[in-house]
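Each remark here refers to the structure printed beneath this line.
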Amino acid sequence: MKDYIESYHMFFPDRKFRFLLYILYPLAVWAGLYIESIFFDGSFILILSAASITIAAECLADFFVFAGYARKENGRNEYLKTSTRYKQLLKMAFLSDAVRRALSTLLIISVTAAVLKIPFKLTIYLLISVYFFMAVALFVLRFFDFFSIYSFITIIILMLYMGFNIFILDKNIFAGISIVLFVLSLLLIILHTRVLFKALKEEYYD
């Protein structure tokens, strides 16, 4: 476990990023929701806001860690590429990132849902849907290494997420769709990993 975490941290821009990602980010989400609750009296609005902020924060944070890694030539972390263990380090880092993102989503959404007394089935749907849309976003985002593109695509994903929620919740089919999104998330992560390491293999081959 320690090796996985250390490998993940090797791709961080600096040590301060750990504090931002592990501590400040979830606290900032909850602080923002507290301020928002002063102006909006509705648990549904607040939980959707928490979900949207989580997606946005995870997508934009990824820019500083894995931006451009799905491309054959990305120019990121050239010093790490000189290591014979680079491929192994990258595998452990990607796995750690997926697990960390799942835990962060679980922490933020579940605590928010508990405070707002959101029904359990709806909470499960929100957890899975947030992770699915993050997986979709990162699959696209990691082909780019410009923050402006990251920001633009993140906004598009958030708009799609809100529209998707309106449709699903209006039809009251969130319980069934949760299973579909869970399976799709797993398949997307597997496909994403293959794309990333195909790009890595081609880079070394060239």
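The values are calculated or read from the model by the stated rules, or taken from the named source; none is laboratory data. Small disclaimer: the values here were computed from a predicted structure and weren't measured. No Cβ is skipped: glycine too gets one built from the backbone with ideal geometry, and neighbour counts run over all protein chains shown. Quick note on the areas: whole protein, heavy atoms, side chains included, nothing else; ligands and nucleic acids left out. Shrake-Rupley method; radii C 1.70, N 1.55, O 1.52, S 1.80 Å.
Select from region 1-48 the residues that are open to solvent by less than 20 Å² (accessible area, probe 1.4 Å) and of a type in the set (Ser, Thr, Tyr) and write down the one among them that is nearest to the chain's Cα centre (by Cα).
In this case the residue turns out to be TYR8.
Which of the residues belonging to region 112-126 are under 18 Å from the mean Cα position of the chain (by Cα) and open to solvent by 30 Å² or more (accessible area, probe 1.4 Å)?
ILE124
Of the conditions (1) closer than 25 Å to TYR25 by Cβ; (2) assigned to a helix (DSSP H, G or I), ILE118 satisfies every one except a single condition; which number is it?
(2)
Conditions (1) in a helix (DSSP H, G or I); (2) touching a Leu at 6+ places or on another chain (Cβ under 8 Å); (3) not β-branched (Val, Ile, Thr), marked per residue:
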site	(1), (2), (3)
LEU21	yes, no, yes
TYR25	yes, no, yes
ALA31	yes, no, yes
TYR34	yes, no, yes
SER37	yes, yes, yes
ILE47	yes, yes, no
ALA51	yes, yes, yes
LEU60	yes, no, yes
GLY68	no, no, yes
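Out of the residues in region 170-203 meeting the condition of being in a helix (DSSP H, G or I) and polar (S, T, N, Q), tell me which one is most open to solvent (accessible area, probe 1.4 Å).
Here the residue is THR193.
Exactly one condition in (1) within 27 Å of ASP41 (Cα to Cα); (2) open to solvent by less than 30 Å² (accessible area, probe 1.4 Å); (3) of a type in the set (Phe, Trp, Tyr) is false for PHE164; which is it?
Exception for PHE164: condition (2).
Mind listing whichever residues of region 40-81 are of a type in the set (Asp, Glu), closer than 20 Å to VAL140 by Cα and at pLDDT below 80?
Once the filter is applied, which keeps residues that are of a type in the set (Asp, Glu), closer than 20 Å to VAL140 by Cα and at pLDDT below 80, region 40-81 yields only GLU73.
Quick check on region 137-158. Is at least one of its residues within 20 Å of LEU103 (Cα to Cα) and open to solvent by 40 Å² or more (accessible area, probe 1.4 Å)?
So far as region 137-158 goes, yes, one or more of its residues are within 20 Å of LEU103 (Cα to Cα) and open to solvent by 40 Å² or more (accessible area, probe 1.4 Å).
For (1) part of a helix (DSSP H, G or I); (2) within 15 Å of ALA56 (Cβ to Cβ), each residue gets a yes or a no:
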| position | (1), (2) |
| --- | --- |
| PHE144 | no, no |
| ILE149 | yes, yes |
| GLY163 | yes, no |
| ILE168 | yes, no |
